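See structure below.
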Amino acid sequence: MTARRRNEAAQDIPIAVSVVGGRQLDQTGSFNVGRLTQLAPTLTFYSSNPRNSAANIRGLGAPFGLTNDGIEQGVGIYIDDVYYSRAASSTFDFLDVRQIEVLRGPQGTLYGKNTTAGAINITTRAPTFEFEGRSEVTIGSLGFKQAKAALSGPITDKLAGRLALSSTSRRGTIYNVKTTNYINEQDNLGVRAQLLFRPHEKLDVTFAADYNTQEPECCGTVFVRTGLTQRPLNRQYAALAAAQNYTVVSRNPFDRLTDIDASLNAGNITGGASIRLVWDRGPGKLTAVTAWRFWDWKPENDRDFTGLPIVTNSQNPSQQDQYTQELRYNQSGEKLDFVVGVFAYYQKIDTQGLERHGPASSRWNIAPSNALSLDPTVLDGLTAINVQGLTNTSVALFGQASWKLSDKLTIQPGIRVNYDEKEGLFDRTVFDGTGQPVLLGQTGARRAAQLAIFAPQFYKPKFDDWNFSYDLTASYRLQPDILAYASYAKTFKSGGINQNGVPSDTAGQPLLGAQTIRPESVNHYEAGLKSKLWENKVTFNVSLFRTDIEDYQAVVTNGQFGVLRGYLANAEEVRTQGAEIDFAVQPTDRLSLYTNVAYTDATYRKFRDAPCPPELSGGAALGAGQTPGAPGVPGSISPNNCDISGQALPGVSKWAASYGGEYAVPANLFKKDGDVYVGIDGNFRSKFSSNPSPSAYTWIDGYALTNLRIGFRTPQGLDLFVWARNLFDEEYFELLNVPGGNTGLVTGIPGDPRIWGATFKAEF
């Protein structure tokens, strides 16, 4: 593996890491990061749409909720040494992957971009100077079709090329009775081309370019349940729906029916180009990576999550360009190994948001005691136009050394010096249904009702800061095949700026103190043991970890419908701790088994000004002398803020596991010698919270998924197998959502039902 920027065995490095080969990815159907989570239990991936996607490791990485461009990802995604800053890129299919390494824990002294939770290091297959090719075709239920192909070979004696393509399509899993379409479909297309120039055996120059598109009708939700909030009963979901004679199409979410009426689209395009130079200088290697990437996001959403025309148009298209330059040198010696590097990063994002309300909005959002609630023209056509801009510059010097004090003891220090600068723009203008501007300070009942939904806002946030971080690892070889290690890392996540709007004061002016957020300060502790037993037939690894974070960056909301999409704030303290066990055994050439188990306890240690869960939202402020949570008193310290210290971080299961195995026997089929095999793999996770502040309404029950495959393969690369995923048709949710407005509505995204199919692969 190459996790430490040099080739070495995973069992020889003092890092908690999972390594997944290309064959295992193909066999288990793990064709994107979301599917990869079934093989690495401490890796979680959440996506309500490609933009609002996040990869977390051990409960950390990105705040749970709507994506805010003004902060960094805590889990870095690298493909062939190129940093991918947009989580949206991880929703695409893997293209011609040789290996994936999931590194757990901070990696800022090894990788160009600082990462506080871990890194996903993806290596694709390189061009070859001998002709080779591979192809794969899959068909399955729900109209699932996937095709992959790759061709590689020499162009001249010094130049080789490789071309890979992938296409995936599948019918949606939710039926929209309003449009008579299946939604949440898959529609992916990707291409990647590489040229390898090798003027002599010590120098490789690789040019790579890729282009990926997604055009699904996505991403919709289904009705899950309702729960009481602190709002008056006539302003909660049941009464609001009855007032407009609205009945949801189904109250059973696993009927997989919806009636959302706004247009849906998850148009997503990413691509880029890179030049990678690797120069073998004898004792070490010099690597230079220059890359450009772009991201074009064209969404349409139903922001009221109902079949009523409350919000008739919601879209937040963005265009992003990023440029990265990394230069590093690594050297291996008898007593000292080291890597040192410099990294520069520049990103620019432009966003053009639009949200428009419809004729049902007045009855839904204005109090019934106000006669304007019966006038649909008050809010019909009310439009907010949000213009956002962001530039982000980051430069860093990083390095790590391995000093072999003896044959058994190695000390590994690392340092990082980092500078970040972010400049942003948020400009919201508001117009009523007649096209007239809605301005702060305007009077009248109609304007007051409109300003309660959308208020103009303008600010230009800026943040810059230097950070110094370091880590230290000691490893000791207890036996030739048993390695013990312990590490400490003092690191950070860069501060950020709010790009989606901030709260306002009583006059409607933005609270500028909320436009920036402080950096996270991270202390990470880890100890582990790696071993090979029984003549290398058994691999057993265990790791214990604890991460303490001050000024944790969290997404919060002010609880009002449509005012904010969610903004960023600092929680005082967060802690995640736990243990991981990885076990694999191959008693014979025919049988292999593995299991990975993780226990993660991730909690807010101190968050006294958090958004309230829905059951405590929408009420009045506490009176003098009242204590939050006292009998008869809501648990809030203000109408929208609660103390959730000690409660669980969202999206984190205390227990998670992946498991699998394969058994093969010799056979002769189709006049070819090979193996008939049976493989099984699965994963389990216990219940987890699906709301930034834990709510009784948004805990997702634990579930277990089991996948089965039966096939025949030959040493020459022919592989034919039938498969079933979610074999037992487990009903589970990927996410639950609490729409704005504190009406008590809870919607969700059901996980995939049982899917079956067949795959044919050939290599030559």
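Values for this structure:
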{"read-out": "Pairs where the first residue, in the range 308-320, is more than 22 Å from Gly433 (Cα to Cα) and hydrophobic (A, V, I, L, M, F, W, C) and the second is at pLDDT below 95 and open to solvent by 40 Å² or more (accessible area, probe 1.4 Å), C-beta under 9 Å, 6+ apart", "value": "none"}
{"read-out": "The range 314-328, residues that are surrounded by 17 or more Cβ atoms within 10 Å (Cβ to Cβ), assigned to a strand (DSSP E or B) and not hydroxyl-bearing (Ser, Thr, Tyr)", "value": "Gln315, Gln320, Gln322, Glu326, Arg328"}
{"read-out": "Sole residue being in a loop (DSSP other than H, G, I, E, B) and polar (S, T, N, Q), chosen from Ser274, Ser250", "value": "Ser250"}
{"read-out": "Where Phe129 falls short, out of the listed (1) open to solvent by 10 Å² or more (accessible area, probe 1.4 Å); (2) out of contact with any helix residue (DSSP H, G or I) (no Cβ under 8 Å at 6 or more places or on another chain); (3) closer than 21 Å to Phe760 by Cα", "value": "(3)"}
{"read-out": "Test: Glu136 is touching a helix residue (DSSP H, G or I) at 6+ places or on another chain (Cβ under 9 Å), open to solvent by 10 Å² or more (accessible area, probe 1.4 Å) and outside any loop (DSSP other than H, G, I, E, B)", "value": "yes"}
{"read-out": "Count - residues of the range 357-393 that are free of Cβ contacts under 8 Å to residues at least 60 places away in the same chain, surrounded by 21 or more Cβ atoms within 10 Å (Cβ to Cβ) and within 30 Å of Gln320 (Cβ to Cβ)", "value": "1"}
{"read-out": "Condition broken by Pro750, with the remaining ones in (1) over 21 Å from Ile644 (Cα atoms); (2) open to solvent by less than 10 Å² (accessible area, probe 1.4 Å); (3) free of Cβ contacts under 8 Å to residues at least 60 places away in the same chain; (4) not aliphatic (A, V, I, L, M) satisfied", "value": "(3)"}
{"read-out": "Count of residues meeting criterion [of a type in the set (Lys, Arg), at pLDDT 95 or above and at negative phi] in the range 245-284", "value": "2"}
{"read-out": "Only one of Gln577, Gln553 that is assigned to a strand (DSSP E or B), of a type in the set (S, T, N, Q) and modelled with pLDDT of 95 or more", "value": "Gln577"}
{"read-out": "Residue that is farthest from Ala367 (Cα to Cα), among those in the range 185-215 that are open to solvent by less than 70 Å² (accessible area, probe 1.4 Å) and out of contact with any Ser or Thr (no Cβ under 9 Å at 6 or more places or on another chain)", "value": "Pro199"}
{"read-out": "Ser521 vs. criteria of a type in the set (Ser, Thr, Tyr) and open to solvent by less than 30 Å² (accessible area, probe 1.4 Å)", "value": "no"}
{"read-out": "Val102 assigned to a strand (DSSP E or B) and over 22 Å from the mean Cα position of the chain (by Cα)", "value": "no"}
{"read-out": "The range 149-175, residues that are open to solvent by 40 Å² or more (accessible area, probe 1.4 Å) and either part of a strand (DSSP E or B) or not basic (Lys, Arg) (or both)", "value": "Ala149, Leu151, Pro154, Ile155, Thr156, Asp157, Leu159, Leu163, Leu165, Ser167, Tyr175"}
{"read-out": "Positions within the range 715-731 being surrounded by fewer than 18 Cβ atoms within 10 Å (Cβ to Cβ), out of contact with any helix residue (DSSP H, G or I) (no Cβ under 8 Å at 6 or more places or on another chain) and either among the small types (Gly, Ala, Ser) or not in a strand (DSSP E or B) (or both), in sequence order", "value": "Pro715, Gln716, Gly717, Leu718, Leu727, Phe728, Asp729, Glu730"}
{"read-out": "Residues that are among the aliphatic types (A, V, I, L, M) and more than 18 Å from the chain's Cα centre (by Cα), drawn from the range 75-99", "value": "Leu95, Val97"}
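For every residue, the table says whether it meets (1) assigned to a loop (DSSP other than H, G, I, E, B); (2) more than 30 Å from Leu533 (Cα to Cα); (3) at pLDDT 95 or above; (4) not hydroxyl-bearing (Ser, Thr, Tyr).
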| site | (1), (2), (3), (4) |
| --- | --- |
| Val417 | no, yes, yes, yes |
| Gly424 | no, yes, yes, yes |
| Arg428 | no, yes, yes, yes |
| Leu483 | no, no, yes, yes |
| Ala486 | no, no, yes, yes |
| Gly508 | yes, yes, no, yes |
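The values are calculated or read from the model by the stated rules, or taken from the named source; none is laboratory data. None of these values were measured; they are calculated from a predicted model. In this analysis, Cβ positions are derived from the backbone assuming ideal geometry, glycine residues included, and neighbour counts consider all displayed protein chains. Note: areas computed on protein heavy atoms with side chains; ligands, DNA, RNA excluded. Shrake-Rupley method; radii C 1.70, N 1.55, O 1.52, S 1.80 Å.
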